[in-house]
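J.: The following block contains the structure, expressed as structure tokens.
What follows draws every value from the coordinates through simple rules; no lab data is involved. Keep in mind that this is a model prediction, so the values were computed, not measured. A quick note on method: Cβ atoms are made from the backbone with ideal geometry, for glycine too, and the neighbour counts reach across all protein chains shown.
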Amino acid sequence: MPKTALLITRRLPPAIEALAQADFDASLTASDTPIPDLLARAKGKAAVLCCPGDKLDAATIAALPDSVKVIGTFSVGFDHIDVGAATARGIAVCNTPDVLSVATAECAFMLMLTAARRAGEGERLVRSGKWEGWAPTQLLGTGVAGRKLGIFGLGRIGREMAKMARGFGMEIHYRDQNRLPPDLEQGATFHDSDAAFLPHCEFLSLHAPGGGGTRHWLDAERIARLPKGAVVVNAARGTLVDDAALIAALRSGHLAGAGLDVFNNEPKLDPAYLTLENVVLLPHLGSNTQETRDAMGRVVLAGIKTLLAGGTPHNQVR
């Protein structure tokens with residue numbers, strides 16, 4: 001029996017490409033960048049496995065060949081896919097939930113520590129050859145242990161971030177659409193409004209999904225409610241942040257620092273960030289451990305396979 005045809009839009013870990021070739025008639029891609037001929041290469045394919053940088057908007061989905069019945073994304077976020085347009089065409093969508101929560105929370109926690117302790121500035125100082133030795137007032141940062149951490153979006157990744165923060169004795173506050181049950185809250189304090197939540201956030205970590213409802217949530221008005229000297233971390237989606245407002249707050253000193261792994265219009269981030277010493281910039285590394293990327297591949301390929309067989313996998317996006 002012939003294998004089902006699958007288009008993979010980016011280079012994937014070797015073990016996942018091998019699995020894809022074993023289970024599908026997989027058309028692989030050698031590039032790490034978006035392919036310009038997705039629609040042409042999707043011809044005759046039953047499924048497309050894309051990545052966050054592949055924009056499958058309504059127009060692109062409308063132009064997909066009729067052969068395409070499933071879209072899988074190598075990510076937990078799916079705001080780059082117009083799911084409504086896909087559903088209207090009878091195309092199912094699946095993602096990679098659960099398996100990347102710890103790795104992404106690790107990245108966010110690393111950003112928080114790096115920004116708070118000014119480690120990025122210190123590393124650049126050493127590399128520049130200008131470091132003249134230890135000094136009592138050199139690159140004074142702020143401690144993390146025992147401080148208040150605000151989490152915007154206490155979902156899977158946000159809860160892993162909270163678990164790590166408790167190890168540092170941090171006091172957890174969170175903002176979400178609804179209060180979580182006690183077994184998920186684990187003692188965190190819920191706030192039902194931004195006005196009540198933000199003044200507690202000596203550290204603010206963003207973990208909400210992207211999309212219209214959260215676009216530029218962290219704007220000038222909300223930043224003004226944060227305590228002076230707060231640190232902001234974003235390892236979720238770049239669209240959560242109003243860049244101009246964040247840059248202004250970092251320049252003015254209202255915010256002591258920020259750690260960013262994601263950006264609006266990435267990889268073309270706002271060039272003003274490059275002029276700031278008090279911001280840590282990473283190239284969307286959130287889930288980039290070997291173990292996590294392999295797990296993501298297994299989950300999304302299994303979801304595609306189940307959907308093509310008429311089943312309903314746990315990772316179907318609805």
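J.: What's the extension gain from A62 to R215 if we count 0.36 nm per residue and subtract their Cα-Cα distance?
T.: Full-extension gain reported as 52.6 nm.
J.: Can you pull the one-decimal nm distance between simple spin-label points at D183 and A135, each 7 Å off the Cα toward Cβ?
T.: Inter-label distance under the simple model: 5.5 nm.
J.: Right, here's the next one. Placing +1 at every Lys and Arg Cβ and -1 at every Asp and Glu Cβ, with all other atoms neutral, what dipole size does the stretch 39-130 have around its Cα centre, in debye to the nearest 20?
T.: Roughly 360 debye for the stretch 39-130.
J.: Using 1/(1 + (r/R0)^6) with R0 = 45 angstrom and r between the beta carbons of D37 and T275, what's the FRET efficiency to the nearest 0.05?
T.: 0.75
J.: To continue, here is another question. Under a Cβ-Cβ cut-off of 14 Å, what is the net charge of the residues other than R298 that fall near it, where Lys and Arg count +1 and Asp and Glu count -1?
T.: It works out to a net charge of -3.
J.: OK, next. Pairs of lysine in the chain with Cα under 24 Å and at least 8 positions apart or on different chains: total?
T.: Close lysine pairs under the 24 Å cut-off: 16.
J.: Another question, if that's okay. Using modelled amide H (1.01 Å from N, peptide plane; none on Pro or chain starts), what sits under 5 Å from the amide H of A230, excluding residues fewer than 5 places away?
T.: Close amide H contacts, sequence-distant or interchain: A256.
J.: Please identify the trypsin sites (Lys or Arg not before Pro) of the stretch 56-133 that satisfy two criteria: DSSP loop assignment and at most 12 other Cβ atoms within 10 Å. Which are they?
T.: Those satisfying the criteria are K130.
J.: In whole Å, what three semi-axes, largest first, describe the equivalent ellipsoid of the chain built from its Cα gyration tensor (square root of 5 times each eigenvalue)?
T.: They are 38, 22, 18 Å, listed largest first.
J.: Then there's this: Filter the chymotrypsin sites (Phe, Trp or Tyr not before Pro) in the stretch 173-224 down to the DSSP loop ones having no more than 14 other Cβ atoms within 10 Å, then list what survives.
T.: For chymotrypsin sites (Phe, Trp or Tyr not before Pro) across the stretch 173-224 that sit outside H, G, I, E and B with at most 14 neighbouring Cβ atoms in 10 Å, the list is empty.
J.: Test of understanding: what is the full-extension gain from R251 to E266, defined as 0.36 nm times their sequence separation minus their Cα-Cα distance?
T.: Roughly 3.2 nm would be gained on extension.
J.: Quick one: Kirkwood hydrodynamic radius for the stretch 101-281, alpha-carbon pairs, angstrom, one decimal?
T.: 16.5
J.: Can you tally the net charge around H80? Count Lys and Arg as +1, Asp and Glu as -1, for every other residue whose Cβ sits under 15 Å from the Cβ of H80.
T.: Taking every other residue near H80 into account, the sum is -1.
J.: Further, regarding this structure: What are the DSSP H helices in the chain that stretch 24 Å or more along their long axis, judged by alpha-carbon atoms, and whose average Kyte-Doolittle hydropathy comes to at least -0.5?
T.: Those that clear 24 Å and a mean of -0.5 are 290-308.
J.: Restricting to DSSP loop positions (anything but H, G, I, E, B) with no more than 16 other Cβ atoms inside 10 Å of their own Cβ, which chymotrypsin sites (Phe, Trp or Tyr not before Pro) remain in the stretch 52-155?
T.: W131, W134
J.: Considering only the other residues whose Cβ falls under 9 Å of the Cβ of D194, what net charge follows from Lys and Arg at +1 and Asp and Glu at -1?
T.: That works out to +2.
J.: Which value in nm describes the separation of the simple spin-label points at T142 and F168, placed 7 Å from the Cα toward the beta carbon?
T.: 1.2
J.: Follow-up question, since we're still on this one. Rounded to the nearest 20 debye, what is the charge dipole size of the chain about its Cα centre when +1 sits on each Lys and Arg Cβ and -1 on each Asp and Glu Cβ?
T.: The dipole magnitude comes to about 180 debye.
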